Each structure stands twice: as C-alpha cells, then as structure tokens.
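Notes to accompany the following structure.
Nothing in this text is a laboratory measurement; each read-out follows from the coordinates by a stated rule. Note that the structure is a prediction, hence the values are computed from the model and not measured. We place every Cβ from the backbone using ideal geometry, glycine too, and count neighbours over all the protein chains shown.
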Amino acid sequence: MRLNRTILNLTVAATLMAGAAIAKTNAPPLTGNDAIARDVVHKILTYPYYTLFDQVDFQLNDGTVRLVGEVTQPWKKSSLGNLIAEVRGVNTVDNELKVAPLSTFDDRIRMQVARAIYRDPALSRYGIQAIPPIHIIVDNGHVTLAGVVNTEMEKEIAGIRANSSMSFGTVTNNLRVEQPAPKKN
C-alpha cells in the first residue's frame with residue numbers, strides 16, 4: 001500500500017489498526033512511510049481532545065506530513081501539529097488544519113446533530129465508540145458529515161437525521177461507505 005500523496009481517513013486507518021492488532025499473522029513489521037503513517041494515525045487517535053466534532057486527515061510525502069481538516073479549538077491545531085512533529089521519521093509538519101469559528105450557536109448545532117444521528121437505532125452502535133466514525137463539522141451553521149459508515153443506507157440515514165435536526169442551514173453528507181452495494185449487471 002503506497003501512502004505517498006494519499007489522504008488517509010483516520011477512521012479507516014483505525015479500523016485497520018484494530019483489525020491488525022486482533023489478527024495473529026506473521027506479517028513483517030512496517031517500515032518507511034507505512035510505519036510513519038501508522039505512528040501519525042496513532043498520535044491523532046490517542047490525542048485526548050480529539051472528538052467527533054473534529055476531523056483530521058493527513059498526507060505523507062517523504063517525511064513531510066500535511067495535516068488537513070478542521071478542529072474546534074485553536075489550541076488543538078497547534079497541539080496536534082506538535083504531536084505529529086514528534087513522530088520518528090517526520091521531518092516537517094505542514095499544519096493546514098482549519099479552526100472552526102468559536103460560537104455557542106455552532107456548539108448547539110453540533111449537539112443537536114449528534115443527538116439526532118446517534119439516537120437513531122440504525123446508527124446508535126457507532127455512538128458508543130471512543131471516537132465515533134461519523135464526524136460532525138459545523139462552520140457558521142453549515143454542517144458537514146465526514147467519516148465512514150458501513151452501508152449506503154447508514155449514510156442516507158445519517159444525512160436525513162442531520163437535516164431533520166436543523167431548523168435552517170445546509171448539511172453536506174461527505175460520509176464514505178465502507179461496503180458499497182454490489183453493482184447490478
């Protein structure tokens with residue numbers, strides 16, 4: 001798996017890491033960019049202030065890590081940049097994380113949308129995870145759903161629940177589907 005110039009979705013990477021930890025294989029240890037990517041994912045996912053209201057992805061290219069996405073607090077941006085700089089093999093960190101506007105209005109929307117999504121019986125199992133895979137990004141009343149769900153139906157349900165929880169504003173459903181439906185001939 002070549003990681004150069006590829007944005008990694010942390011949710012997928014976390015799933016792969018968990019699966020690899022459970023599976024007993026005789027696979028050789030990761031080296032080079034694969035090892036750096038694994039360590040970067042680990043740093044982000046174990047950052048104690050990373051929540052479902054943040055979305056952090058990265059690109060890795062020859063020791064340079066480019067952080068992209070959005071966080072809810074300015075100090076999270078700098079803290080994550082500093083953490084990634086500590087990873088062995090990382091030479092440079094281009095911290096392009098966007099900081100969401102600090103707004104109690106947006107905070108209320110985050111909670112409304114999270115409740116609507118994670119209270120749905122089809123999606124509630126995601127809500128019990130340490131970092132739920134459906135991330136809710138709110139920027140001046142505009143909601144973006146990011147992350148990964150298992151099926152197209154779950155993606156649609158999340159979008160419907162997010163839309164129904166809002167009295168106005170837009171919802172952009174950027175959720176990816178882990179197991180897309182097979183194509184019909």
| Cα point-scatterer Debye curve for segment 104-177, base-10 log of I(q)/I(0) at q = 0.11, 0.14, 0.18 Å⁻¹ | -0.22, -0.36, -0.60
| said: Order these by the 10 Å Cβ neighbour count, fewest first: S79, S124. | reply: S124, S79
| From Cα coordinates alone, what are the radius of gyration and Dmax values for segment 77-118 in angstrom? | 15.6, 42
| note | Scoring segment 104-177 by relative contact order with C-alpha pairs under 8 Å, at least six apart, yields a percentage of 34 percent
| field | Estimated FRET transfer efficiency (R125, T172; beta-carbon r; R0 25 Å; 0.05) | value | 0.60
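Compute the Cα gyration tensor for segment 54-173, then decide on rounded, prolate or oblate, letting a ≥ b ≥ c be the square roots of its eigenvalues: rounded whenever a/c is under 1.5, prolate when a/b is larger than b/c in the other cases, and oblate in all that remain.
Prolate shape, in that a/c is at least 1.5 and a/b is the bigger ratio.
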| said: Neighbour counts of other C-beta atoms within 10 Å: give me M166, M111 arranged from fewest to most. | reply: M111, M166
| note | Computed for segment 104-177: size of charge dipole around the Cα centre, +1 on C-beta of each Lys and Arg, -1 on C-beta of each Asp and Glu, debye to nearest 20, value 160 debye
| query | Could you put V99, V71, V171 in order, starting from the residue whose Cβ has the fewest other Cβ atoms within 10 Å? | reply | V99, V171, V71
| Any idea how many Lys pairs in segment 30-185 come in under 18 angstrom at the alpha carbon, given 8 or more places apart or on separate chains? | 5
